[in-house]
Each structure stands twice: as structure tokens, then as C-alpha cells.
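Read the structure below first, then the notes.
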Amino acid sequence: MRVGVVGGGLTGLTAALDLVRRGHQVTVWEKSPALGGQVRTVSIGDAQLEGFYHHMFASDKALIGLITELGLSSSLQWLPSLVGYYYGGRVHDFTTPVDLMRFSPLGLFDRVRVGMMSLYLRRRNDWRYFETITAEEWLLKKMGRRSYEVIWGPLLRGKFGDSAERISMAWLWGRLHMRLGSRRGGGGERLGYLKGGFGRLIEALGQKVRDKGGSIMTGTSIKRIAVQDRHVAGAISGNGEVFPQDAIIATAPSPTFLGLIPELPREYGELLQQTQYLAALCLILVIKRPFGRVYWLNVGDRSFPFVAVIEQTNFVSPAEYGGKYILYVSNYVPASSPLCAMKPDGLVSHYLPFLQKINPRFDSDWVEQYHVFKEEYAQPIVPMNYSRLIPDMATPIGGLYLANTTQIYPEDRGMNQAVQLGLRVAGLAG
Ligand SMILES: Cc1cc2nc3c(=O)[nH]c(=O)nc-3n(C[C@H](O)[C@H](O)[C@H](O)COP(=O)(O)OP(=O)(O)OC[C@H]3O[C@@H](n4cnc5c(N)ncnc54)[C@H](O)[C@@H]3O)c2cc1C
């Protein structure tokens, strides 16, 4: 059978590999010049760095399986990672339960309550229980107003902006469950990283698809999916080339997918329209000196124009980047935010005074290079009862399948979930 895959990110490539392995004739179209989607990379000297910070969790079984299958398991490293929280003008360590117990902005009772409730969330497995309540309501009830105002409120507002109050507790459960699950005992957290970067995974995956007879066309944007008698007929690229197919898997975000296929029955189309997204905006600074001590610094001060500062070189050795230090300054904002329209140098100047509040010694002459990465449809907004908004992978058009981040739930989206999604959709399509 001829199966086309729109999108050469992790979901599309995983689906393609599964399909070629089972003897199908597969073509992947990727609009960008390079594969990877949200795992795309940039060259820093001789090294490849993810445009958006990436790590993996010990619980990422599907991803670990793929890495092993591609012969990369000897490059998989489990590295200690330190988490911090910037609040009240200083950085607080936030990696272990002991750090929580020392977190002075909360009184002792609240610290214990946050610790107990976090443990409870880690142990509880029935996420449906959390679907019918917002994270705000649940947290206020179970962890108290002070801890909401100090920790959870700023984090939710940082991640979801004005939509923070609508976010389902099931989303937060998924996120904490995964994160707390990767911690061992009372000690710190180890996160996974592929030596040389996750770009190697994408490269090996693409190569394997090709080795098994699949065709991968980068720089090829699909503009239209052709339908005949309510069944997929093929795909049409931006320059008018027609690719007849028996089935098509689209891994593009829902708004893009809607634009590819006007014939989509109304009900299904309306369901897709209901999910809104926030854009990810990431400034990478290549700097001369270390910025701080922690890998992942959540910023709990909402007067800051960013949500987190992720210092890659407190996770992966700076030696991997020719002795340079790497900082991601991360944000989730509506795509219409003026921040998304700023030129890279404008963004650097805009963020600089805030970075100096965290580290007063930090100066613009530390910055040797900067890069900006944007992803318009990065984070689906997950309100209460989100499970009712998830579109089926099998669309009402015969032979047409959709697999994108809106279907990942209640877990948070991630590479592991992309691999799972790719395998599931390939099973349906072929
Ligand atoms: C800021 C950020 C940080 C992240 N950090 C982590 C992390 O630490 N750990 C983790 O596990 N995950 C992380 N993720 C999530 C992870 O990267 C994604 O969930 C995963 O890569 C999604 O893969 P995908 O293939 O489903 O989608 P995408 O990667 O978005 O792939 C879709 C592809 O389709 C292509 N496409 C779209 N329309 C067309 C068209 N018309 N024609 C042809 N091609 C088209 C796009 O160019 C894209 O390449 C992060 C994501 C972001 C944004």
C-alpha cells in the first residue's frame, strides 16, 4: 500500500519506519529543509544543539526502545539535573524534598502540605478523577492559597498566560506524575540526553526509513490533500506536484491540517477548531561564562517577560560545545504576542535586564551568539474535560489519519509520546 506522511518530526518519522518495516511504500514530506520538527537543531561550532531544550525521563519507554533499535543506546546518558525556582528576588534550590522543606517563602505547614500532595499526585493513577476540576481549584483546595500564589499560580500563568485559570488538573497531574516519577528516592533527578544531541536520533531515524526503501522529501510543503468519493486520493505539494496515495497520515498541527482539506466533515472540523495553542519562543544565548548553578530555573516572578531559564551546560558538559556555555530563555505566549514579532537582537535587549536581576554580573559582552526559535503551535491549551475534545486519529475521510500533539493526553506532550503516537497511527493506517 502507498502511504504518505505529512511531517518529518518524530511522530511522522516513527510512523514511517513502522510502515516501511511492514512492507508499505512510504513517502514522507517535510516542509522545512531539515527533518526534526520541534526537535530541529542548530550548529554551535561543531556541535548540534536542539533549538528547543530537550531531555527525556526514565519512564520514556517507547523513546528508549526506539533509541535502542537505532543502535544509539550506548550514547544515552542519564545526567543529574538541578532545578531552581526564582522567587522574591533570589534563586531557591528546588530539586529534592529537602529543598522544598527549606523553601522559605512558604511557611512550614504549607511546605509539608505541598510535599504530601505532590507525593499523592505521583501515586494516584486514575487521571479521570482530575479531569473535571481546574488545576487552580484543586491546588487552592489541596495546597492552600499561599502555595498557589507563590508556586503554582506563577507557573501556570507563565505556561498558559490568560488561559491559566482554565487548565485542567489532569494536565498538571500528567506533568507532575512524569516529572516526579523520574526522581529516585529522596535524591535528585536524572534526566536522559543523547550524547551529540537528539538530532542524532532524527538523523538515524530518517536514515533507517530510507534504508528500508522509504522516500523522504524535505523542503516539500503539502498544500492540499486530494479526496475522491470520501476517500483519500493523494497529496499536492506547494509547487503543484501530485502524489497519488492509498492512505495519508498528517502530523501537522490541527490548524494547518484544517487548511489542507476543505472536504473535512463539519463536525470533525469543528472539533479541531476547539483546541487552541500557545507558541513556544526560545532565545538561545551562547555565552562565555556560566550563568548560574542550576539546569532548569523556573521563574516565579510574573513581571519577567519569560518563564524559565534553562542552562544546557549545567546538564551537558560545556566541552560538548567547544567550551561555550548555553542558555535557553524560554517562553510560551500567544502567537500574536509582540515578543514573537521582535527581531532577535531586540529580544536579547528586552530580556537582558531581567537576566541581570537573576545574575547581576551577567552582561551583554558575555554573549557570543544568539538564535531565536519559534513554534507557533507548540502547546495545546488543555481545559477541563479535554478528553471530549480529542479528535479521532481515523478521520471521517477514508484512508486519512491525523496524529498530532492535541491527541496526547493526559500526559504532557513529549518525544516519548510522539513515538507512541507514531506507532499507534501507523497501526491504524497500514
Ligand atoms: C520548547 C519545547 C521544549 C520541548 N522540550 C521537550 C523535552 O524536554 N522533552 C521531550 O520529550 N519533548 C519536548 N518537547 C516536545 C517534543 O519536541 C514534541 O512533542 C515532539 O517533537 C512533537 O513531534 P511531532 O512530530 O508530533 O510534531 P512536530 O515536531 O511539530 O512535527 C510536525 C512536522 O510537520 C511539518 N509540517 C507541518 N505542516 C506541513 C505541511 N503542510 N507539509 C509538510 N510538512 C509539514 C512541520 O514542519 C514539522 O516538522 C518540547 C517542545 C518544545 C516546543
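Structure notes:
- Hits in the range 319-344 (condition: of a type outside the set (S, T, Y), farther than 29 Å from Q276 by Cα and open to solvent by 30 Å² or more (accessible area, probe 1.4 Å)): A319, E320, G322, G323, K324
- Of the strands (runs of 3 or more DSSP E) contained entirely in the range 211-280, those carrying at least 2 residues that are within 14 Å of the ligand (Cβ to nearest atom) and more than 22 Å from the chain's Cα centre (by Cα) fall at 215-218, 222-228, 231-237.
- Extreme residue, farthest from M178 (Cα to Cα), among residues of the range 59-79 that are of a type in the set (G, A, S) and open to solvent by less than 30 Å² (accessible area, probe 1.4 Å): S75
- When restricted to residues that are surrounded by fewer than 21 Cβ atoms within 10 Å (Cβ to Cβ) and either in contact with a Leu (Cβ under 7 Å, 6 or more places away or on another chain) or not hydroxyl-bearing (S, T, Y) (or both), the range 288-315 contains 9.
- R111 being closer than 18 Å to M178 by Cβ and either charged (D, E, K, R) or open to solvent by less than 40 Å² (accessible area, probe 1.4 Å) (or both): no
- Taken as a whole, the condition of being open to solvent by 60 Å² or more (accessible area, probe 1.4 Å) and within 20 Å of the chain's Cα centre (by Cα) does not apply to E189.
- Flag if S81 is under 19 Å from K208 (Cβ atoms) and either hydroxyl-bearing (S, T, Y) or within 13 Å of the ligand (Cβ to nearest atom) (or both): no
One line per residue, one yes/no per condition, for (1) more than 19 Å from the chain's Cα centre (by Cα); (2) within 11 Å of the ligand (Cβ to nearest atom); (3) crowded, with 22+ Cβ neighbours inside 10 Å; (4) in contact (Cβ under 8 Å) with a residue 60 or more places away in the chain:
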| site | (1), (2), (3), (4) |
| --- | --- |
| M384 | yes, no, no, yes |
| Y401 | yes, no, yes, yes |
| T406 | no, yes, yes, yes |
| L428 | yes, no, no, no |
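The values are calculated or read from the model by the stated rules, or taken from the named source; none is laboratory data. As the structure is a prediction and not an experimental result, all values here were calculated from the model. Cβ coordinates were reconstructed from backbone atoms using ideal geometry, including for glycine residues, and neighbour counts include every protein chain displayed. These area figures cover heavy atoms from the full protein model, side chains too; ligands, DNA and RNA do not enter into them. Shrake-Rupley method; radii C 1.70, N 1.55, O 1.52, S 1.80 Å.
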